[in-house]
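Take a look at the structure set out below.
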Amino acid sequence: MVREKRFASIDGGELYRKLAMGDPIVVLDVRTEPEFVNAHVPGAHLIPLHELEQRIPEVPNSGIPVAVICEHGIRSVSACQLLAEHGFATLFNVNGGLSIWPGPLSAGPPSAEIGPHRHGIAPSSFLIDNFDLLPRGTALDIAMGEGRNAIYLATRGFDVDGVDADPQAVATARTAARRLGAPIRAVVGNVEDGTYIVPIDAYDVIMVFNFLYRPLFNDIRDGVRPGGVVVYQTFTSEQARLGRPKRPEYLLEPGELKKLFADWEVLRYRELVGPSRHGGPDRAVAGIVARKP
Ligand SMILES: C[S@@+](CC[C@H](N)C(=O)[O-])C[C@H]1O[C@@H](n2cnc3c(N)ncnc32)[C@H](O)[C@@H]1O
């Protein structure tokens, strides 16, 4: 009997682009743990193929697409067949697997949580949700890491600068941006020791995600042009009881961001404790979108 194929195929490049555009997708890696530890798609989750049947309840079946990846796209076909038999409707087999994956790679052990991408490739959902509030033009991403948010704005026509102190992260951001056809100017710079200085009145948008250095607040305010917008989201003091970061200098006080931009027009503000939009561990964050008068 020929089994009916009940899943689609996707190329690594297309999956990479979808993740970079913020599409919620669970990436499930069905290789062995040593293979995963050596290199994996950032944010992917590991369930080795031989354990999948027992561990199927761990795979979210809430309608979010699941993209299954292995080394060459062979084991992932068996995994897709198994998941399809268990009622998973939106399944993709990643053609050619990791061996031809065009995006960045991470190394290290798997995390216990299974959910769609957050860090690594997918942009912040706070940025996606508030995109329409941003005036088009130039943008600066401070402490951009591997550039997920900078790349997101670049794919949408912004002229984007990004800075981070970690040369490896900046190199990854540059490569990723080039591969996605979303050029950004990414520089290595430290915003704490004066090797990078935010230019004054230079940007329509300045964004900061998951980074806090209070002495920089004034520079951020000065760097935005009149009529421009700041987008800032990072952890609050509540985070200390949930996980890292725990040090008070890395955590916002309740209401702190709102106070900081009290003389600007606050377009959006939220403080929350809970999972990110598509699940995952609880985190405590505050986010603001504010327009400079
Ligand atoms: C948690 S990551 C957040 C990355 C990115 N904003 C995101 O949300 O994906 C924090 C980043 O801050 C960068 N960083 C830490 N101290 C810095 C400094 N003094 N100047 C510039 N970047 C810094 C780190 O290299 C790291 O990439």
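The values are calculated or read from the model by the stated rules, or taken from the named source; none is laboratory data. Small disclaimer: the values here were computed from a predicted structure and weren't measured. When we count neighbours, we look across all protein chains shown, and the Cβ atoms used for this are built from the backbone with ideal geometry, even at glycine.
Descriptive notes on the structure:
- Scan of segment 6-26 for residues that are under 15 Å from residue 83 (Cβ atoms) and crowded, with 18+ Cβ neighbours inside 10 Å, ordered by number: 7, 10, 25, 26
- Among the residues of segment 63-90, those identified as among the charged types (D, E, K, R) and closer than 20 Å to residue 33 by Cα are 71, 75.
- Out of 37, 27, sole residue that is in a strand (DSSP E or B) and in contact (Cβ under 8 Å) with a residue 60 or more places away in the chain: 27
- The single condition from (1) surrounded by fewer than 24 Cβ atoms within 10 Å (Cβ to Cβ); (2) under 20 Å from the mean Cα position of the chain (by Cα); (3) not aliphatic (A, V, I, L, M) that residue 29 fails is (1).
- Scanning segment 157-176 for residues that are modelled with pLDDT of 90 or more and touching a helix residue (DSSP H, G or I) at 6+ places or on another chain (Cβ under 7 Å) yields 160, 162, 164, 173.
- Entry remark, segment 137-154: residues being near the ligand (Cβ under 10 Å from one of its atoms) and touching a Pro at 6+ places or on another chain (Cβ under 7 Å) number 3 in total.
- The residue list 134, 52, 82 contains one member that is surrounded by fewer than 22 Cβ atoms within 10 Å (Cβ to Cβ), more than 11 Å from the ligand (Cβ to nearest atom) and under 30 Å from residue 193 (Cα atoms), which is 134.
Listed here are the residues, each with its yes/no results for (1) touching a helix residue (DSSP H, G or I) at 6+ places or on another chain (Cβ under 9 Å); (2) outside any helix (DSSP H, G or I); (3) farther than 22 Å from residue 26 by Cα.
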| position | (1), (2), (3) |
| --- | --- |
| 72 | yes, yes, no |
| 79 | yes, no, no |
| 82 | yes, no, no |
| 93 | yes, yes, no |
| 104 | yes, yes, no |
| 108 | yes, yes, no |
| 132 | no, no, yes |
| 146 | yes, yes, no |
| 151 | yes, no, no |
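- Applying the condition of being within 15 Å of residue 104 (Cβ to Cβ), away from the ligand (no atom under 15 Å from the Cβ) and charged (D, E, K, R) to segment 155-194 and asking which residue is surrounded by the most Cβ atoms within 10 Å (Cβ to Cβ) yields 179.
- Within the set 115, 145, the sole residue that is modelled with pLDDT under 90, surrounded by fewer than 24 Cβ atoms within 10 Å (Cβ to Cβ) and not aromatic (Phe, Trp, Tyr) turns out to be 115.
- Tabulated pairs, segment 183-204, first in a strand (DSSP E or B), second surrounded by 14 or more Cβ atoms within 10 Å (Cβ to Cβ) and among the hydroxyl-bearing types (Ser, Thr, Tyr), C-beta under 6 angstrom, 6+ apart or interchain: 203/138; 204/138
- Where residue 120 falls short, out of the listed (1) at pLDDT 95 or above; (2) within 14 Å of the chain's Cα centre (by Cα): (1)
- Test: residue in segment 7-15 that is farther than 30 Å from residue 173 by Cα, touching a residue at least 12 places away in the same chain (Cβ under 8 Å) and touching a strand residue (DSSP E or B) at 6+ places or on another chain (Cβ under 7 Å): yes
- Every residue from segment 238-276 that is buried (at least 16 other Cβ atoms within 10 Å of the Cβ) and part of a loop (DSSP other than H, G, I, E, B): 251, 261, 264
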